[in-house]
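Inspection log for the structure reproduced underneath, given as structure tokens.
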Amino acid sequence: MKNVALAWLILALTLAFALGPYFVEPFMGYTADVLPKPQPNPAIQPAGYAFAIWGLIYGWLIVSAVYGVYKQSETNEWRAARIAIAPSLFIGIFWTWIANNSAIWGTLTIWIMLGFAIIAAMRAPWSVKWWQKAPYALYAGWLSAASFVSLGVTLAGFGILFEEPTWALIGIMVATVLAITVQFRLGGMPTYGLAVVWALVGIVVGNTDNIYSITITTAIAAALITAVTFISWRRA
């Protein structure tokens, strides 16, 4: 596919991704319909306000795609990241519908979205970095947290090995390792780490059951990722 056509494809996918949730029932977490063991208040799920970050993600991705069409439509520099982000955006168009109907498929697909988003963020060029690399990294950062939320709730909801608070702790710790690794690879692009930290703070606020092990672990994780993000940015 030629670069111009690819640029227009990304714009179309981005708009469909942003508008997709308006055409299906809102996703309010995995319900009893899709989980044998309902998880009405999962400890790993951020407080509701944290999901407002999607407004920034959608808006920045749209601005990036529009800029890409009008200013970077023929450049090869944006091509690799565009090829990587396309599958993530395509799946994202249907993700709300998928998650409302199946926790297993919702989890599998969000992990696929995450994988392609991280690749896209890493491939995006540093030139005019705020137009492509920054929004892709922000998107990947939120998905890094959301993927573990989905996984933890699903595993607990199917009664696999542990109860949800234990899966929450495991998910937070593994997500922290992933986030630190990716942030070091992204170097001076802070939007990835900041999105993960935003989600972690949301988990602390949303921990209304006052499970102190989760609060403390999440707070430490947020502090570590903040430090790594700052160090990476300063080094760059």
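We did not get these values from a lab; they are worked out from the coordinates using the rules stated. The structure presented is a predicted model; accordingly, all values stated were derived computationally and were not measured.
When you restrict to C-alpha pairs under 8 Å that are six or more residues apart and normalise by the size of the chain, the relative contact order lands at 25 percent. Of all lysines in the structure, those lying under 28 Å Cα to Cα from K71, and not within fewer than 8 positions of it along the same chain, are K2, K129, K133. Which shape class applies to the stretch 51-97: rounded if a/c is under 1.5, otherwise prolate when a/b exceeds b/c and oblate if not, where a ≥ b ≥ c are the square roots of the Cα gyration tensor eigenvalues? Oblate. 3J(HN,Hα) couplings calculated from phi for the stretch 32-40 with the Karplus curve 6.51 cos²θ - 1.76 cosθ + 1.60 (θ = phi - 60°) are, in sequence order, 4, 5, 10, 10, x, 10, x, 10, x Hz; Gly and Pro show x. Compared with the direct C-alpha span, the chain from F184 to V24 gains 53.9 nm at full extension, assuming 0.36 nm per residue. So I have (1) 25; (2) 19; (3) 13, and one of them is percent of Cα pairs over 32 Å apart calculated from this model. Which one is it? The calculated read-out lines up with (2). One equal scatterer on each Cα of the stretch 3-140, no solvent, Debye formula: the resulting log10 I(q)/I(0) at q = 0.17, 0.19 Å⁻¹ is -0.90, -1.08. Placing one equal scatterer on every Cα of the stretch 108-236 and applying the Debye formula, the log10 ratio I(q)/I(0) at q = 0.13, 0.15 Å⁻¹ is -0.51, -0.67. Extension gain, A16 to A47: 0.36 nm times the residue separation minus the Cα-Cα distance gives 8.5 nm.
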